[in-house]
1. List residues of region 6-23, by number, whose backbone nitrogen lies under 20 Å from a label position 7 Å along Cα→C-beta of residue 82.
2. Pop out the carbon and sulfur fraction of the accessible area of region 18-117 as a percent, whole number, probe 1.4 Å.
3. Please check: in the Gaussian network model of the chain (C-alpha springs, under 10 Å), which one of 38, 80, 92 has the largest mean-square fluctuation.
4. Mind checking which of 94, 67, 47 has the largest fluctuation in a GNM of the chain, springs on alpha carbons under 10 Å?
5. Report, in degrees rounded to the nearest 10, the 0 to 90 angle that the Cα long axis of helix 103-112 makes with the longest principal axis of the chain.
6. Take 7, 64 and sort them by solvent-accessible surface of the protein heavy atoms, 1.4 Å probe, largest at the top.
7. Hey, can you find the accessible area per residue of the chain for me, probe 1.4 Å, expressed in square angstrom?
8. If each residue of separation counts as 0.36 nm, what is the full-extension length gain between residue 70 and residue 4 once their alpha-carbon separation is subtracted?
Amino acid sequence: ELARPAVDNAGILSFGERRLQLAGIVPTPVDRICGPAGRQWPCGMMAKTALRQLLRNRSLSCDVETAEWKETVTAACRLGTQDLGSWLAENGWAEAAAGSPLAGIAETARQAGKGVYGADPRRK
């Protein structure tokens, strides 16, 4: 159980000096811009915000060998029963890593125009 992570971007969480990359996804950089010219929007920041709103300062269960790791570790994390990597892929806020079991979920989100694959959600 890891308490109150800070969200660096849609895919990387911080716990003080330590960082955790969610397994199965490619983190979406905060500075990523999406959309065609003239209709561009800050999808990387929106992806980060979506994950922050989901977590709301709550503790996570993560598959790490020890709670005292150094630097950056990659692991699956859950908020209750919700896998965070799956949630990001399902909602289109992160792409699946090569060979990831989340590839099908991420492709469904892309085809549906969700998250970074869609239009600026602030304009709806």
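1. Under 20 Å, as judged by backbone N against the label point of residue 82, lie 6-15, 20-23 of region 6-23.
2. 48
3. 38
4. Comparing 94, 67, 47 in a Gaussian network model of the chain, the most mobile one is 67.
5. 30
6. Greatest to least solvent exposure: 64, 7.
7. 56
8. 22.0 nm
The values are calculated or read from the model by the stated rules, or taken from the named source; none is laboratory data. Just so you know, these numbers come straight off a predicted model, no measurement behind them. Cβ atoms come from the backbone with ideal geometry, glycine included; neighbour counts cover every protein chain shown. Just the protein is used for accessible areas: all its heavy atoms, side chains included, with ligands, DNA and RNA removed. Shrake-Rupley method; radii C 1.70, N 1.55, O 1.52, S 1.80 Å.
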